[in-house]
Amino acid sequence: MLPINWAGAALLLLAFTLFAGLSGLVPLVGITSGRCFAGNAVLLGCCDVIIATAGSNIGIGGPAMIEGGGLGAVRPEEIGPLDVQTQNGVVDVAVADEAEAVRVAKQYLSYFQGAVARWECADQRALREIVPENRLRAYDVRKVIDTLADVGSQLELRRSWGHGVITSLLRVAGRPLGVIANNPNHLGGALDRDGADKATRFMQLCDAFDLPILFLCDTPGIMVGPEVEKTALVRHAARMFVTAGSLTVPFFTIVLRKGYGLGAQAMAGGSFKAPLFCVSWPTGEFGGMGLEGAVKLGYRKELAAVEDPAARTALFEEMVARMYEHGKAVNYATYFELDDVIDPAESRRWILTALRSAPPPPPRTGKKRPCVDTW
């Protein structure tokens, strides 16, 4: 029998404990290029932001560990390739090469270094044309974000995962902030498990390092149904409320179109009275739940009493139109649940006024949050 040289398992190694202890104290950026397995992957996963170059592979176990565990022989390229790790939310930003990775890392760190004096922005009148007048038409909310942001200042995180929510760092008039936006091109902007997790973790990141947060709300609510409940959506969605309840940074909400039910409240820190301001564009529409669903539930008997299908459909559409008129932003604001209905072109002015009005964060003497959730 061959002798086995036992030199210990090195489980007393403090590297992981010490590095993880930095979470929430200083920004942590991980760049990986090529193969990143085992302990290296754990250190990478502890980072606030993970940047990976084309051709990267990330995994808790490498080929030797997988084969040693009796799972067969696999090539390194089969373990956690970049297309997998971007779509499952592990990688925040995918880049072409190491030079681009360094540039993105510098841009990410710049948001924590305060305001910049020189900036430019797009013509804000373009915001008036992005959200269609037809409430059933989708649009690209990234155009809203790009137009609001200072030119070239935006960095989107986890673009390929949690498609119902967009999370970006950017600047407005030189001042850094985070943006959380519903994506109407995915589930109509409804919040699902991944979207809620994505928004929650981003709130933690911004709060840990004193970045104000702008919510751009366009949601019919939180997803419902037997299938989504299998995803533990109750707990995942509630994370947004619990996290928002502990925010110390100023946050604001602009409703672009749909503002319904618990989903809209989640996009306003739990209540329309929680943000420093909560305003709507004229395209805003509001209610305790989506209009179509509210009509189907609230007028079920009236609709069932109409035997002719065409007449029933006409009555349904008439009721939806009536509720829409009642819930339009200009009417909803008369109940004082909004601070104002604004010209979209004035959005940056509202944001900048709020940023200037908010008290500066107190000097840092340690962590504000125990850590930034790795997920």
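Observations on the model:
- Residues (part of a loop (DSSP other than H, G, I, E, B), surrounded by fewer than 23 Cβ atoms within 10 Å (Cβ to Cβ) and in contact with a strand residue (DSSP E or B) (Cβ under 8 Å, 6 or more places away or on another chain)) located in segment 161-182: 173, 174
- First in segment 42-55 and closer than 14 Å to residue 94 by Cα, second anywhere and modelled with pLDDT under 95 and open to solvent by 10 Å² or more (accessible area, probe 1.4 Å), Cβ under 8 Å, 6 or more apart: 53/34; 55/34
- Number of residues in segment 26-42 that are open to solvent by less than 40 Å² (accessible area, probe 1.4 Å) and part of a loop (DSSP other than H, G, I, E, B) equals 3.
Results for (1) under 22 Å from residue 145 (Cβ atoms); (2) hydrophobic (A, V, I, L, M, F, W, C), shown as yes or no for each residue.
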{"residue": "216", "(1), (2)": "yes, yes"}
{"residue": "229", "(1), (2)": "no, no"}
{"residue": "234", "(1), (2)": "no, yes"}
{"residue": "239", "(1), (2)": "no, no"}
{"residue": "244", "(1), (2)": "yes, yes"}
{"residue": "254", "(1), (2)": "yes, yes"}
{"residue": "262", "(1), (2)": "no, yes"}
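- Residue tally, condition surrounded by 19 or more Cβ atoms within 10 Å (Cβ to Cβ) and either at pLDDT below 95 or outside any helix (DSSP H, G or I) (or both), over segment 251-275: 16
- Condition met for residue 120 (of a type in the set (D, E, K, R) and either touching a Gly at 6+ places or on another chain (Cβ under 7 Å) or closer than 14 Å to residue 172 by Cα (or both)): yes
- Scan segment 203-222 for residues that are open to solvent by less than 10 Å² (accessible area, probe 1.4 Å) and assigned to a helix (DSSP H, G or I) and the total you get is 5.
- Counting only residues that are assigned to a strand (DSSP E or B), of a type in the set (A, V, I, L, M) and either over 16 Å from the mean Cα position of the chain (by Cα) or surrounded by fewer than 17 Cβ atoms within 10 Å (Cβ to Cβ) (or both), segment 150-160 holds 0 of them.
- All of (1) open to solvent by less than 40 Å² (accessible area, probe 1.4 Å); (2) touching a residue at least 40 places away in the same chain (Cβ under 8 Å) hold for residue 225 with one exception: (2).
- Subset of segment 183-196 (residues that are surrounded by fewer than 23 Cβ atoms within 10 Å (Cβ to Cβ) and outside any loop (DSSP other than H, G, I, E, B)): 187, 188, 193, 194
- Filtered residues of segment 329-356 (kept if over 30 Å from residue 170 (Cα atoms) and either open to solvent by less than 70 Å² (accessible area, probe 1.4 Å) or not hydrophobic (A, V, I, L, M, F, W, C) (or both)): 331, 332, 334, 335
The values are calculated or read from the model by the stated rules, or taken from the named source; none is laboratory data. Just so it is clear, the model here is predicted, and its values are computed rather than measured. A quick note on method: Cβ atoms are made from the backbone with ideal geometry, for glycine too, and the neighbour counts reach across all protein chains shown. Ligands, DNA and RNA are excluded from the accessible area calculation, which covers all protein heavy atoms including side chains. Shrake-Rupley method; radii C 1.70, N 1.55, O 1.52, S 1.80 Å.
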